[in-house]
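Engineer: One structure, as structure tokens, below. Some questions next.
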């Protein structure tokens, strides 16, 4: 393995060095799970996709005003590969970054980042409090109610789906599937 390619352990250590908030760490784990799911489905490098998903919001807790920019700086200081840095920074395209998603990995990250928040919120209003029984149609129903998970930028999700040439329903389904694989880690396994 190339020595400058970070391991998952190194990525997690860096994430928890800069983030103490349980909800931000769970968000990172959810995005990691979805990225791994998409990578596997597309025959891509699950480890790379997962690591980038894990650290995409590295700077958010400590440097919200410099979101994405500070992540780029921190990753450079830690000698991360340029490809990883660019991918992490691109998820903020049009909001806090001018790095446009180009690769499949970058487009998936851009599309699913906000969507994981909508899926989490949908799971939390269910009696089970579990992502394991969340259905695509439930998320789509919640999608229409702009007051529900009002902080979720639906236009970014739509733009991301367009970049990937995916139907919104398929993007939602794959995001749910990826999150179901890490349900326990993200606290959405529900009541047993």
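Engineer: If one computes the Cα centroid of the range 111-146 and of the range 158-192, what distance in Å separates the two points?
Structural biologist: Using only Cα atoms to place each centre, the spacing works out to 9 Å.
Engineer: Something else: What is the extension gain from residue 20 to residue 95, computed as 0.36 nm multiplied by their sequence separation minus the C-alpha to C-alpha distance, in nm to one decimal?
Structural biologist: The span from residue 20 to residue 95 would gain 24.6 nm if fully extended.
Engineer: Fewest first, what order do 38, 63 take by the number of other Cβ atoms within 10 Å?
Structural biologist: 63, 38
Engineer: Please give the contour-minus-distance gain from residue 145 to residue 170: 0.36 nm per residue of separation, less the Cα-Cα distance, rounded to one decimal in nm.
Structural biologist: Taking residue 145 through residue 170 to full extension adds about 7.0 nm, to one decimal.
Engineer: Set the Förster distance to 30 Å, then compute FRET efficiency between residue 185 and residue 137 from the Cβ-Cβ distance, nearest 0.05.
Structural biologist: 0.75
Engineer: To continue, here is another question. Between residue 40 and residue 124, 0.36 nm times their residue separation minus their Cα-Cα distance comes to what?
Structural biologist: 27.5 nm
Engineer: State, in angstrom, two size descriptors of the chain derived from its alpha carbons: Rg to one decimal place and Dmax to the nearest whole number.
Structural biologist: In Å, with Rg to one decimal and Dmax whole: 15.6, 47.
Engineer: Quote the relative contact order of the range 8-180 in percent (integer), defining contacts as alpha-carbon pairs under 8 Å separated by 6+ residues.
Structural biologist: RCO, the range 8-180: 22 percent.
Engineer: Going by a ≥ b ≥ c, the root eigenvalues of the Cα gyration tensor, does the range 6-56 fall in the rounded group (a/c under 1.5), the prolate group (a/b larger than b/c) or the oblate group?
Structural biologist: oblate
Engineer: Now a separate question. Can you sort 85, 157, 55 from fewest to most other Cβ atoms within 10 Å of each residue's own Cβ?
Structural biologist: By the 10 Å Cβ count, ascending: 85, 157, 55.
Every read-out reported here was derived from the displayed coordinates using simple, explicitly stated rules and does not represent laboratory data. Bear in mind that the values here come from a model prediction, so they are computed numbers and not experimental data. Reconstructed Cβ throughout: ideal geometry from the backbone, glycine too, with neighbour counts over all protein chains shown.
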